[in-house]
Amino acid sequence: MKHARGELNAGLEARYHQSVHWGTVLWAQNLASGVPADRRYYEYKGAKTIVSAYADEGLHLADTVVLKASVQAIYNGYRIFDEAFAGNDFRVSYLFMNPRIGINVNFTDQTNGYVSYSRTGREPRLKNLYDAAESSGGAVPQFSEIAPGEYDFDDPLVKPEVLDDFELGYHVSANNAAVSLNLFYMGFRDEIVKSGGLDRFGIPRTGNAERTSHKGLELAAEYEPRQGLKMNGNASFSKNTLDRYTLYDSAEEYMRNPPNPDSTVAYVLDGNRLAGFAGVLWNLRVSFKVHRFDFSVWAHHEGKKYTNNFEGAWYASGEPRPETVVDPSTVMNASMNCHIDRLWSLRNIDLIVQVFNVTDALYATHGEGGEFYPAATRNVYAGIEIGM
C-alpha cells in the first residue's frame, strides 16, 4: 500500500505438512526364522505447521534518507505421533517475533551508506529434538527426563537460537566501477552448533552454545575496463568464536580415547573458533564477450576450517592433529556460452559448456570430526537451452 511518504506491505502465510517415515531391511544374512527381509525397523508419522505474518514499511524521512522497518511473527510447530515401536507422541511449538530496522542515506548519486539492526530466532530441527529414524540404534527423545524412559515434552534439551545482527555499509560507484564495504557483528544466544560426531546417516550431531559471535567485513567490487570485458569479486574476512561454551565428553566424537572413561569431563571452550567456519573466503571472476561467445573464468577460495570445536586439537590435549582441520583450497572453474538468435525454426538457443575444478585439484569441502568429504575432481557440464 503506497502512501504519501513511502510504502507499506503486509502478508500472511500458512502451511501444514504431514508425512510417514519408515526404514526396512532390504537384505541381511542369518535372519531369524519368521522374520521377513522387508521388515520395518522403525516407523512414525511427523507433522509441521507454519504460520507467518509480516509487515514492511519504507518511509522517506527526506529526499535522500529512507527508513526501512519490518516485523515478522512466525509460529512453527512439530509433532511426532503413531510411532510403531518406541511409542513416543509429542508436540513442540515455537513463536518468534523478528524485527528489523535500518536507515539508508544517498550522499550523492554515486555513494550511499546504511546502518541496520535485526533480531531473529530459529527453532531446532526435528532431528535435534528426537531422531526417530535412529530409535533402533538407541536414540531417545532429547527432553528432560522425569523418570527412566519418561520425558517432559514441554522441556526440550536443545533450545531455539536467537541472533542479534548489526551491520554498517558503504557503496560507491563510477561509470565503469563499483565498490561495496559491509561491516557486521552477529551475536548469538544458544546458537545450534556441532557438538561432535555423526549419526549412522552421516548427519552431524548438534547442540547449543550459550554465547557465540560472528564478526568481520565483506568487500565486493566490479570493474568494466571496456565493453565486453568485466571483472568482479567479493571477499569475506571474519572471526567466528565460541564466547561461552562447555562441552562434555559424552559426545561420541570425543569418546574415542577419553582420558578417563569412568567419569564425565567438562571442557570449557570459551574463545575457541567455531567448527565449520572459514575465516577467509573470496571469489574472483573475469568475463569477456567475443561476438556471440561469452567466456568466463572464476576462482573460489576457502580458508582453513576446523572440524571440531577444539581448534584442531584432538580431544583437549592441545596437540594439533591434521585429521581435524580442513586445509585451505582454491578452485578454478570456466564456462563458455554460445548464443544463436535463430537456427531453422528455433529461436534463442544457448549452447553451454562448464568445466568445474579445471586444475583437477584434490581437496575436501568440509569435515565432521575425523570424517572428511572430498570434492569432485575435474567435471564437465554441457547443455542446450532453447527459448520459447
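Just a yes or no: is a residue in segment 187-200 out of contact with any helix residue (DSSP H, G or I) (no Cβ under 6 Å at 6 or more places or on another chain), surrounded by 14 or more Cβ atoms within 10 Å (Cβ to Cβ), of a type in the set (Val, Ile, Thr) and at pLDDT below 95?
Within segment 187-200 (the criterion being out of contact with any helix residue (DSSP H, G or I) (no Cβ under 6 Å at 6 or more places or on another chain), surrounded by 14 or more Cβ atoms within 10 Å (Cβ to Cβ), of a type in the set (Val, Ile, Thr) and at pLDDT below 95), the answer is yes, since at least one residue qualifies.
For residues in segment 7-55 being among the acidic types (Asp, Glu), in a strand (DSSP E or B) and more than 25 Å from the chain's Cα centre (by Cα), which is surrounded by the most Cβ atoms within 10 Å (Cβ to Cβ)?
So the residue we want is 43.
Could you tell me which of the residues 312, 318, 370 is over 30 Å from residue 225 (Cα atoms), in contact with an Asp or Glu (Cβ under 6 Å, 6 or more places away or on another chain) and either loosely packed, with under 13 Cβ neighbours inside 10 Å or modelled with pLDDT under 85 (or both)?
370
Among the listed residues 215, 159, identify the single one that is modelled with pLDDT of 90 or more, among the basic types (Lys, Arg) and closer than 23 Å to residue 78 by Cα. Break it down stepwise before answering.
Working: 215 fails: closer than 23 Å to residue 78 by Cα.
159 is the lone residue from the list that is modelled with pLDDT of 90 or more, among the basic types (Lys, Arg) and closer than 23 Å to residue 78 by Cα.
Being of a type in the set (D, E, K, R) and modelled with pLDDT of 90 or more is the filter; apply it to segment 17-62 and report the residue that is nearest to residue 103 (Cα to Cα).
First, pick out the residues of segment 17-62 that are of a type in the set (D, E, K, R): 38-40, 43, 45, 48, 56-57.
Of the ones still in play, those that are also modelled with pLDDT of 90 or more are 43, 45, 48, 56-57.
Values: 43: 51, 45: 46, 48: 36, 56: 14, 57: 12 Å.
For segment 17-62, the residue satisfying everything is 57.
Looking at segment 325-337, is at least one residue farther than 19 Å from residue 232 by Cβ, more than 26 Å from the chain's Cα centre (by Cα) and either modelled with pLDDT under 95 or acidic (Asp, Glu) (or both)?
Taking segment 325-337 first, the residues farther than 19 Å from residue 232 by Cβ are 325-329.
Subsequent filtering for residues that are more than 26 Å from the chain's Cα centre (by Cα) retains none.
Scanning segment 325-337 turns up no residue that is farther than 19 Å from residue 232 by Cβ, more than 26 Å from the chain's Cα centre (by Cα) and either modelled with pLDDT under 95 or acidic (Asp, Glu) (or both).
It is to be established whether one or more residues within segment 123-130 are more than 22 Å from the chain's Cα centre (by Cα), loosely packed, with under 15 Cβ neighbours inside 10 Å and of a type outside the set (Gly, Ala, Ser). Before you say what the answer is, go through the steps one by one.
So the first thing to find is which residues in segment 123-130 are more than 22 Å from the chain's Cα centre (by Cα), and the list is none.
Scanning segment 123-130 turns up no residue that is more than 22 Å from the chain's Cα centre (by Cα), loosely packed, with under 15 Cβ neighbours inside 10 Å and of a type outside the set (Gly, Ala, Ser).
Would you point out which residue out of 148, 124, 141 is more than 19 Å from residue 52 (Cβ to Cβ) and at pLDDT 90 or above? Before you say what the answer is, go through the steps one by one.
Values: 148 fails: at pLDDT 90 or above; 124 fails: more than 19 Å from residue 52 (Cβ to Cβ).
Just one listed residue meets the conditions, 141.
Taking residue 152 as the residue in question, decide whether it is on the phi > 0 side of the Ramachandran plot and touching an Asp or Glu at 6+ places or on another chain (Cβ under 9 Å). I'd like the intermediate steps shown before the answer.
Values: on the phi > 0 side of the Ramachandran plot: no; touching an Asp or Glu at 6+ places or on another chain (Cβ under 9 Å): yes.
Spelling it out, it is not the case that residue 152 is on the phi > 0 side of the Ramachandran plot and touching an Asp or Glu at 6+ places or on another chain (Cβ under 9 Å).
Mind listing whichever residues of segment 157-167 are among the hydrophobic types (A, V, I, L, M, F, W, C) and exposed (fewer than 15 other Cβ atoms within 10 Å of the Cβ)?
The one that is among the hydrophobic types (A, V, I, L, M, F, W, C) and exposed (fewer than 15 other Cβ atoms within 10 Å of the Cβ): 166.
Hey, which of the strands (runs of 3 or more DSSP E) in segment 269-388, taking only ones fully inside, have at least 3 residues that are over 30 Å from residue 244 (Cβ atoms)?
On the way: elements: 280-290, 293-302, 329-343, 346-356, 364-368, 371-374, 379-386.
Fully inside segment 269-388 and qualifying: 280-290, 293-302, 329-343, 346-356, 379-386.
Taking into account only those residues within segment 17-48 that are hydroxyl-bearing (Ser, Thr, Tyr) and touching a residue at least 40 places away in the same chain (Cβ under 8 Å), which is nearest to residue 91 (Cα to Cα)? Please lay out each step first, then the result.
Filtering segment 17-48 down to residues hydroxyl-bearing (Ser, Thr, Tyr) leaves 19, 24, 33, 41-42, 44.
After this cut, where a residue has to be touching a residue at least 40 places away in the same chain (Cβ under 8 Å) as well, the list is 41-42, 44.
Numbers: 41: 23, 42: 19, 44: 14 Å.
Looking at residues that are hydroxyl-bearing (Ser, Thr, Tyr) and touching a residue at least 40 places away in the same chain (Cβ under 8 Å), I get 44.
Could you list, ordered by first residue, the pairs with Cβ atoms under 6 Å in which the first is in segment 270-285 and surrounded by 18 or more Cβ atoms within 10 Å (Cβ to Cβ) and the second is part of a loop (DSSP other than H, G, I, E, B), at least 6 apart or interchain?
That search, which allows pairs on different chains as well, returns 272/309; 272/311; 273/311; 275/307; 275/308; 275/309; 278/303.
Check off (1) part of a loop (DSSP other than H, G, I, E, B); (2) surrounded by fewer than 16 Cβ atoms within 10 Å (Cβ to Cβ); (3) not small (Gly, Ala, Ser) for residue 141 and give me the number that stays unchecked.
Result: residue 141 fails condition (2) only.
Among the listed residues 363, 381, 373, identify the single one that is of a type in the set (Phe, Trp, Tyr) and free of Cβ contacts under 8 Å to residues at least 24 places away in the same chain. Spell out the reasoning first.
Values: 363 fails: free of Cβ contacts under 8 Å to residues at least 24 places away in the same chain; 381 fails: free of Cβ contacts under 8 Å to residues at least 24 places away in the same chain.
Just a single option satisfies the conditions, and that option is 373.
Buried (at least 16 other Cβ atoms within 10 Å of the Cβ), farther than 30 Å from residue 207 by Cβ and of a type outside the set (D, E, K, R), is that true of residue 173?
Values: buried (at least 16 other Cβ atoms within 10 Å of the Cβ): no; farther than 30 Å from residue 207 by Cβ: yes; of a type outside the set (D, E, K, R): yes.
In short, no.
The values are calculated or read from the model by the stated rules, or taken from the named source; none is laboratory data. Given the structure is predicted, the values throughout are model-derived calculations rather than measurements. Here Cβ is always computed from backbone atoms with ideal geometry, including for glycine, and neighbour counts include all displayed protein chains.
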